Amino acid sequence: MTTSDWRDCRACPRLVDFLTTVREKYPDYHAAPVAAFGDENPWLLVIGLAPGLHGANRTGRPFTGDYAGVLLYQTLYDFGLASAPVSQDTADGLQLRGCRITNAVKCVPPANKPERAEIRRCNPYLTQELAVLAKHASLLALGRVAHDAVLMALQLPLSAYPFAHDARHELPGGQYLYDSYHCSRYNTQTGRLTPAMFAAVFARLTADRAAQVASIQTGSIHV
């Protein structure tokens, strides 16, 4: 499967029906599978849950135009991974540097809750995205669903890599999987995830990346 197949994907009847209803109610919305956004050769792939109804599902770009994107894009900007701190729509000129964003499920699910069968059906797309990453790329899973979807795509056992906020897992082949609570409205407004907590995750993974680059340059890590 390729990204060109996405707009024609009808693998999940519940999601297809929901998107049809959304298009009727909001004819100006993207209301279709949402492709990844960002650097074509990233060292960091951020994996979210699914498009938000009035965010990525509306704009056609991950975490764009909704509350969940507020903290994400501000933090990406703070760490030099985005050209601007705000992502409002696809015409805003925003660019990502060394970073790419995708979702475990490409279509908006009712109540923002994809079913496990839907995650499985969409997983081959994530598998494809992971397969083209550089050997020493890093992965950041936003939430347990994204974390589990990454392991599913890599055919790795969930029990060997338990999800926890600010966890780091070394994967076979040299990549690292980092975990964070999802930057959703609920998590940020309840204090489950604070800006400082989120920044700490990025501080860790960018520091690890700097050390990795230094090791590659000195020849202690082979690409």
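Taken over the range 164-190, the criterion of being at pLDDT 95 or above and of a type in the set (Gly, Ala, Ser) is satisfied by Ala164, Ala167, Ser180, Ser184. Considering the range 128-205, the qualifying strands (runs of 3 or more DSSP E), each wholly inside and each with 2 or more residues that are closer than 19 Å to Ile101 by Cβ and not β-branched (Val, Ile, Thr), run over 138-142, 176-180. For the range 113-146, the tally of residues that are in contact (Cβ under 8 Å) with a residue 60 or more places away in the chain and farther than 22 Å from Leu53 by Cβ stands at 12. Among the residues of the range 23-65, those identified as outside any loop (DSSP other than H, G, I, E, B), out of contact with any strand residue (DSSP E or B) (no Cβ under 9 Å at 6 or more places or on another chain) and buried (at least 24 other Cβ atoms within 10 Å of the Cβ) are Asn57, Thr59. Within the set Gly80, Gly55, Gly48, Gly60, the sole residue that is within 16 Å of the chain's Cα centre (by Cα), of a type in the set (Gly, Ala, Ser) and under 23 Å from Leu205 (Cα atoms) turns out to be Gly48.
The values are calculated or read from the model by the stated rules, or taken from the named source; none is laboratory data. All of these numbers come straight from a predicted model, not from anything done at the bench. Methodologically, a virtual Cβ is constructed for each residue, glycine included, from the backbone with ideal geometry; neighbour enumeration extends over all protein chains shown.
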